[in-house]
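Comments concern the structure below.
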Amino acid sequence: MRILVAEDDRTLREVLQRGLTEAGYVVDVAIDGEAATTMLKMNEYEVAILDWRMPKRSGIEALTLVRASDVATPILILTARDAPLDRVEGLNAGADDYLVKPFDFDELVARLQALQRRPALRFNEVIRCGDLEFDTSTRALRAAGRDVELTSTERLLVELLLRRSPTAVSRRTIANQVWSDQADAVGSNTIEVHIARVRAKISRCEARIETIRGFGYRMVES
């Protein structure tokens, strides 16, 4: 399993390289965003880790460039930036996951393994469930031919459910993917409130959000 680690901090880079090698990965490293961009375009990786702040090119800039080149490698952004708007910016740029420093190494490995289990994602595409359509390039949602106004949180929630459809998504996964660094503080009631708001906004289309009792939710065609 080949992985790219792009991190300019030498100490952290070496820790990641050593730990991931012990976890069974073949690790390539990049010390700046320019090198990371080139390596992602030239090589096949199971998954990649990009630090947000790097010399020559930030992780977000590298991410944007490789997604524009249709590189579908699952990418996790690693950063000390923990504001909700930062997380939204990273995910909107094409990141598959977002982990805030300092982090637990076991959690990092678990997140990488989860990314590897997902079907390969395509970008600049339209994801559909019935007549519900989400454009990943414009981040726009249409239900039965009509534009749907979403908050940033609702947009992340809808995209997650559509990408996993018709598979059920656990509440814990929803909390981790939509609220990320605030996941531990997000309870079932908060998720239910946002699910209810999305349901109301898409009530006239052929797709619906089903509740899986004791587990989570899934997006299915009516």
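Nothing in this text is a laboratory measurement; each read-out follows from the coordinates by a stated rule. Note that the structure is predicted; figures quoted are calculated from it, not measured. Here the Cβ positions follow ideal geometry from the backbone for every residue, glycine too, while neighbour counts run over all protein chains shown.
Charge dipole of the chain (Cα centre as origin; +1 on each Lys and Arg Cβ, -1 on each Asp and Glu Cβ, all else neutral): 700 debye, rounded to the nearest 20. Computed from backbone phi with θ = phi - 60° and the Karplus coefficients 6.51, -1.76 and 1.60, the 3J(HN,Hα) list for the stretch 188-200 is 4, 5, 4, 5, 4, 4, 5, 4, 4, 5, 5, 4, 5 Hz; x is used for glycine and proline. Karplus-derived 3J(HN,Hα) values for the stretch 206-213, using 6.51 cos²θ - 1.76 cosθ + 1.60 with θ = phi - 60°, are 7, 9, 9, 9, 8, 8, 9, 3 Hz; glycine and proline are entered as x. The GluC sites (Glu not before Pro) of the stretch 1-68 that DSSP puts in a loop, and whose beta carbon has at most 10 other beta carbons within 10 Å, are Glu44.
Simple rule: put +1 on each Lys or Arg Cβ and -1 on each Asp or Glu Cβ in the stretch 126-221, find the dipole, and look at Ser165, Ser152, Ala140; the Cα lying farthest toward the positive end is Ser165.
Helices in the chain, meaning DSSP H runs of at least 4 residues, each add -39500 (n - 2.57). Divided by all residues, the mean residue ellipticity at 222 nm is -11500 deg cm²/dmol.
Positive-end ranking of Gln177, Thr190, Gly214 along the dipole of the stretch 126-221, with charges on Cβ about the Cα centre, is headed by Gly214. Loop-located GluC sites (Glu not before Pro) in the stretch 128-222 (DSSP state other than H, G, I, E, B) with a sparse environment of at most 12 neighbouring Cβ atoms within 10 Å: Glu149.
Less than 5 angstrom separates the built amide H of Arg57 from those of Gly33, Glu34, all sequence-distant by 5 or more or on a different chain.
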